[in-house]
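In what follows, a structure is listed as structure tokens, so that the remarks can point back to it.
Bear in mind these aren't lab numbers, they're just calculated from the coordinates by the rules spelled out. Computed from a predicted structure; not experimentally measured. Positions of Cβ are generated from backbone atoms using ideal geometry, with glycine treated the same way; all protein chains shown enter the neighbour counts.
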Amino acid sequence: MPTLDMPERPHLDSFRRQARALQRAVRAGDPDAAARLARHLPGGVPGDTGGLRLSAAQLVVAREYGFASWPRLARYLETVAEHGWETRLGAAPAADPAAEFCRLACLTYSREDGPARWAQARPLLAEHPELGTANIWAAAAAARPDDVGRLLAERPRLAAERGGPFRWRPLYYLCYSRFDPDVPAERVLAVARQLLDAGADPDEGYLYDALPSPFTLLTGVFGHGELGRQRQPCHPHWQALGRLLLDAGADPNDAQTLYNRMFEPDDSHLELLFEYGLGTGDGGPWHRRIEELSSPARMLRIQLRWALEHHQPARVRLLVEHGVDFRAPFEGAGPAWSPGDGRTPVELAWLHGDTEIAGYFVAQGAAPPAPDPVRELIAAAFRADRPALDEIRAEHPGALAEARRSRPGLIVWAATQAPLETVTLLAELGFDVNAYGRGDAPVEEAWETALHHGAVTGDVELTRRLLELGADPGLRDRRFDATPLDWARHFHQVSTAALLEPVDQDE
């Protein structure tokens, strides 16, 4: 798992400089540099650090960025050079009306996304109805088959040329266009067929800000993401357009699509992708370009863990029905929401008090979990089962102290996933109501407090209860240095902002 984030506009020379700097620091006896070697170099720190070879330092640097070797890092940077795209381009206005239309019309997976920006594209197109006649990228974004067909007839190779404000190829503009929610399906599909027939690649994609998960045509068609379905909606004709791309050979194992759509319980994207072989094959051209991408089977195991920890029982069953392994423990480095902590799916279901899914796993052939008083205590708390809690504490007096020690931020996760009674119960059991944790995954990482979650979701009842339990409204989160009131205001949560304003210490 990477310990460093990929820099903007990465270049191999900068990584060479990092490796040389590490080599010099180790040779000089720097203890921090030696610790980096100990974490990532096979065999640990060599006895003679004064003779550390540059190749050893390069291996450490590569592994810090999540690559198994220096050559793999170098190959990845070549892929970024060919397929990279920077989201900052979405904020830069263009002087040319056709380029500005493309910029305003398309989903960019940046903070610029949203209906307000796309709405600006509509009057621009009305003012300049001719902007697609000589610009295939604008013609594709506007879904104009007559213009696209004429331009391709004149120059068929335009289908594979990068252009427009983002240096995307035409089919990408079509799939990421969002300015017209009422665009007729026949126009969209006609343009897609024209471009595919002219040689457009159905697996077209870009690495946004050098991140290793490609944003493909399917990613744009299926939409959604961290900003939600309002600001990052699916294409108005996502099912028909997605099916057209899959029929043309697009690989269904699209990790970014799975991530973007996992936050909501709707499974229609999975049902379509399963029709075309999701979870099978070798991962397609992108896996061949970037070996560090998860295999199709591992992608779906990650989805399984998210679904069972976020109470998505229909998705759990759908994944199991399509052969996803629900018996083996989760092992190996993975994203925060799917760590390799050795727990099995059935253990995780019990841990979160989801007896229905736990029973389903066992009925399907999973081994019941071994007794674990700490897990059982947390599960009872998530069910708000006080008699079970009393019984566990009586039989295992040390279980509560161990639960508080191993899961100090549990109350943050409970605030996002469990009933209000569970939050109250955990506070009564001595879990710190002001603890820092993560609200999006049940891992111990100091991001925000439970009060931040109540504020940002507009949950007045939760916010009021947390304040009654002693939550400190002046605490700032560890990522954005903002108070719960700041979060409420930023996301226009008027009700919780009104509750927090009289007690916020920074006012």
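Couple of notes before you dig in:
- Segment 295-335: GluC sites (Glu not before Pro) in DSSP loop, at most 13 other beta carbons within 10 Å: E331
- Sequence of F274, F215 once ranked by neighbouring C-beta atoms within 10 Å, starting from the fewest: F274, F215
- Percentage relative contact order, segment 325-409, counting C-alpha pairs under 8 Å, at least six apart: 21
- This ranking places D5, D203 by how few other beta-carbon atoms lie within 10 Å of each, fewest first, which gives D5, D203.
- A Cβ-based charge dipole, computed about the Cα centre of segment 1-128 with Lys and Arg at +1 and Asp and Glu at -1, lands at about 540 debye.
- For the chain: relative contact order, % (alpha-carbon pairs under 8 angstrom, 6 or more apart): 7
- Extension reserve of the E271-H490 stretch, reckoned as 0.36 nm per residue once the Cα distance is removed: 75.3 nm
- Dipole axis of the chain (+1 Lys, Arg; -1 Asp, Glu on Cβ), positive-most option in Q417, L41, Y208: L41
- Here the dipole of the chain is about 1560 debye; that uses its Cα centre as origin and unit charges on the Cβ of Lys and Arg (positive) and Asp and Glu (negative).
- Two-site FRET efficiency, E395 against R317, from Cβ-Cβ distance with R₀ of 25 Å, rounded to 0.05: 0.15
- Mean sequence separation of contacting Cα pairs (under 8 Å, at least six apart), scaled by the length of segment 158-301, corresponds to a relative contact order of 20 percent.
- Stretch gain in nm, segment S69-L89, where the contour uses 0.36 nm per residue and the Cα spacing is subtracted: 4.1 nm
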